[in-house]
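As structure tokens, the structure follows; a few thoughts come after it.
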Amino acid sequence: MKEKILSLFGFPPPTPLIKTYGPWKNGTTTVDNALIVDGRNVSNAAALKAIFNELQEGVKQIMANGKVLIYSIQPELLEDVHHSTYQRSLEGISRSLAKELGGKGTTVNLIKLPPNVDVKNYKTVEEFFTSGRSAFITGQAVSANEASSSGREFSEKICVVTGGAGGIGSATVKRLAAEGATVIIADMPQMEERAKTLLSDTSASLSEGKVSFLGADLTKADARKQLLETIKEKHGRIDVLINNAGITRDKTLKNMPEHYWDSLIAINLTAVINLTEDALAMGLIPEGGRIISTSSISGIAGNFGQTNYTATKAALIGYSASKSKELKSKGITINAIAPGYIETDMVKTMPLMTRIFAERLTSLAQAGKPEDIAEAMAFLAHPGAESINGQVLRVCGGSFLGA
Ligand SMILES: NC(=O)c1ccc[n+]([C@@H]2O[C@H](COP(=O)([O-])OP(=O)(O)OC[C@H]3O[C@@H](n4cnc5c(N)ncnc54)[C@H](O)[C@@H]3O)[C@@H](O)[C@H]2O)c1
């Protein structure tokens with residue numbers, strides 16, 4: 001998302017900063033306009049009032065495009081009823097505040113930690129949510145497990161991006177390549193030329209050697225097998241598997257032709273599960289591995305004419321949640337990203353009014369860019385994001401759909 005430039009139009013000059021970060025590694029945006037509030041001790045009305053006061057003071061000082069991050073404890077992990085109840089109130093506050101501050105491009109998010117952890121172990125999470133990298137994420141409550149950073153540096157990672165020649169996919173390829181990772185695009189064979197064009201003149205150019213293209217129709221079992229065999233032979237492992245390939249075939253349920261249903265389920269769901277399970281069964285995804293699937297907020301809210309699409313996108317959220325329990329002991333995380341309205345070729349076929357509504361019905365009142373999703377992918381793929389597992393991260397500008 002382009003950060004709003006309200007501060008250029010007569011907004012007051014910077015007031016004293018509440019917290020300063022940066023500069024960020026790898027050329028990502030520096031944001032020194034962040035308010036971080038630790039609400040983990042809130043267990044009664046007086047403590048909640050103190051948070052109100054702190055936030056009120058903070059939001060008066062924060063400038064446009066600011067970042068508000070609130071720490072809480074996952075209520076379900078607390079035995080004390082009062083503590084658990086009041087922790088939940090922080091979720092309500094952050095969701096409402098996101099709507100109030102969205103007009104100035106400021107985001108508000110809540111991180112729900114386990115009890116008795118050291119917040120310093122969540123540096124990667126904090127950096128992401130207080131930087132421009134999360135500019136299109138707001139009003140979210142993200143649960144994090146215990147953290148103790150480990151794993152290979154990003155530059156040593158082998159990443160596979162399915163649908164890597166598409167809008168979101170190619171932005172993700174560029175982002176991971178900018179981190180120095182080796183990236184393999186897995187897309188329909190006929191998309192190789194498109195990938196070359198999209199990625200030329202970037203550090204992810206196919207001629208540079210760090211990024212390669214493998215053609216595969218992922219709905220075909222033999223093509224998936226060939227893909228994984230080739231990756232095993234050339235790279236030995238997959239540190240980051242991004243299941244991003246997807247299509248839409250919209251019709252109301254009553255009028256939906258069977259082939260719309262079948263083709264969509266085949267690519268958006270069964271191909272994802274089969275590719276992931278095969279990669280795991282072949283031992284290709286090592287400890288520290290990351291699996292990220294592109295879901296959609298439609299999979300959370302439902303959408304007219306999209307029963308097939310939303311069946312798959314909801315299922316991917318379910319797959320991450322249930323598979324995460326099994327993979328936890330192997331040190332592998334699996335998460336879903338739910339984009340909202342993102343300007344890519346896929347949405348160009350939508351009627352104009354639908355597109356205008358999709359933009360307006362968000363706290364930030366604008367559409368996202370493929371780069372917003374790419375940043376979220378890079379965040380979840382990061383070695384320091386090990387605490388995020390089995391989650392769905394909405395990157396939707398605070399869309400009111402399903403919120
Ligand atoms: N654009 C949005 O607003 C939006 C919103 C929510 C979710 N998403 C999801 O994000 C993902 C990427 O979407 P996008 O907007 O970049 O779309 P896109 O059409 O630009 O890219 C999709 C890619 O998937 C590839 N693909 C399709 N079928 C394939 C198959 N059988 N085998 C291999 N590759 C195949 C295509 O060739 C294409 O490169 C999709 O899963 C989509 O459902 C997009």
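Would you mind telling me which numbered condition in (1) polar (S, T, N, Q); (2) assigned to a loop (DSSP other than H, G, I, E, B); (3) farther than 30 Å from K120 by Cα T354 fails?
Going through the list (1) polar (S, T, N, Q); (2) assigned to a loop (DSSP other than H, G, I, E, B); (3) farther than 30 Å from K120 by Cα, T354 breaks only (2).
Does Y309 meet the test of being within 18 Å of the chain's Cα centre (by Cα) and aromatic (F, W, Y)?
So Y309 does not fit the description; no.
Among the residues of the range 309-320, is any over 19 Å from G163 (Cα atoms) and touching a Ser or Thr at 6+ places or on another chain (Cβ under 6 Å)?
Looking through the range 309-320, none of the residues is over 19 Å from G163 (Cα atoms) and touching a Ser or Thr at 6+ places or on another chain (Cβ under 6 Å).
So, of the residues in the range 290-345 that are surrounded by fewer than 24 Cβ atoms within 10 Å (Cβ to Cβ) and basic (K, R), which turns out to be nearest to the ligand (Cβ to nearest atom)?
In this case the residue turns out to be K323.
Return a yes/no flag: does the range 137-158 have any residue that is of a type in the set (F, W, Y) and either surrounded by fewer than 24 Cβ atoms within 10 Å (Cβ to Cβ) or more than 30 Å from L97 (Cβ to Cβ) (or both).
Yes.
I'd like the full set of residues that are crowded, with 18+ Cβ neighbours inside 10 Å and part of a loop (DSSP other than H, G, I, E, B), limited to the range 233-244.
I238, D239, N244
Which members of the range 185-201 meet the condition of being more than 10 Å from the ligand (Cβ to nearest atom) and surrounded by fewer than 24 Cβ atoms within 10 Å (Cβ to Cβ)?
E192, E193, K196, T197, S200, D201, listed by residue number.
Test of understanding: among G331, G283, G299, which residue is in the same structural domain as A374 (by TED's automatic domain parsing) and within 19 Å of the chain's Cα centre (by Cα)?
G299 is the lone residue from the list that is in the same structural domain as A374 (by TED's automatic domain parsing) and within 19 Å of the chain's Cα centre (by Cα).
Give the residues of the range 212-232 that are of a type in the set (A, V, I, L, M, F, W, C), part of a helix (DSSP H, G or I) and within 10 Å of the ligand (Cβ to nearest atom), sorted by residue number.
Answer for the range 212-232, where residues must be of a type in the set (A, V, I, L, M, F, W, C), part of a helix (DSSP H, G or I) and within 10 Å of the ligand (Cβ to nearest atom): A223, L227.
Across the range 73-123, what is the number of residues that are under 17 Å from A385 (Cα atoms) and β-branched (V, I, T)?
Selection size over the range 73-123: 3.
Take the residues in the range 58-103 that are under 22 Å from the mean Cα position of the chain (by Cα) and modelled with pLDDT under 90, then tell me which one is surrounded by the most Cβ atoms within 10 Å (Cβ to Cβ).
Filtering first and then ranking leaves N65.
Six or more apart or on different chains, Cβ under 6 Å: which pairs go from a residue in the range 389-403 that's of a type in the set (F, W, Y) to one that's surrounded by fewer than 23 Cβ atoms within 10 Å (Cβ to Cβ) and in a loop (DSSP other than H, G, I, E, B)? Could you list them?
F400/L361
Does L8 satisfy being hydrophobic (A, V, I, L, M, F, W, C), at pLDDT below 50 and closer than 24 Å to A135 by Cβ?
For L8, the condition - hydrophobic (A, V, I, L, M, F, W, C), at pLDDT below 50 and closer than 24 Å to A135 by Cβ - is met.
When the range 350-371 is examined, which residues are found to be of a type in the set (S, T, Y) and within 24 Å of K174 (Cβ to Cβ)?
Residues satisfying the conditions do not exist here.
If the Cβ limit is 6 Å and pairs must be 6+ apart or interchain, which residue in the range 333-352 that is closer than 14 Å to G397 by Cβ pairs with which residue that is more than 9 Å from the ligand (Cβ to nearest atom) and among the polar types (S, T, N, Q)?
Going by the 6 Å Cβ cut-off, the qualifying pairs are G340/S399.
Identify all residues within the range 257-289 that are surrounded by fewer than 17 Cβ atoms within 10 Å (Cβ to Cβ) and away from the ligand (no atom under 15 Å from the Cβ); write none if there are none.
Residues satisfying the conditions are P257, E258, W261, E277, A281, M282, G283, P286, E287.
Can you pull out the residues in the range 245-269 that are in a helix (DSSP H, G or I), more than 26 Å from the chain's Cα centre (by Cα) and either within 13 Å of T162 (Cβ to Cβ) or free of Cβ contacts under 8 Å to residues at least 12 places away in the same chain (or both)?
Matches in the range 245-269: K254, N255, E258, H259, D262.
Only one residue in A171, A204 is surrounded by 15 or more Cβ atoms within 10 Å (Cβ to Cβ), of a type in the set (G, A, S) and more than 12 Å from the ligand (Cβ to nearest atom), so which one is that?
On inspection, the qualifying residue turns out to be A204.
On the given criteria, is L327 at pLDDT 95 or above and on the phi < 0 side of the Ramachandran plot?
It is true that L327 is at pLDDT 95 or above and on the phi < 0 side of the Ramachandran plot.
The values are calculated or read from the model by the stated rules, or taken from the named source; none is laboratory data. This structure is a prediction, so every number in the text was calculated from the model and none was measured. A quick note on method: Cβ atoms are made from the backbone with ideal geometry, for glycine too, and the neighbour counts reach across all protein chains shown.
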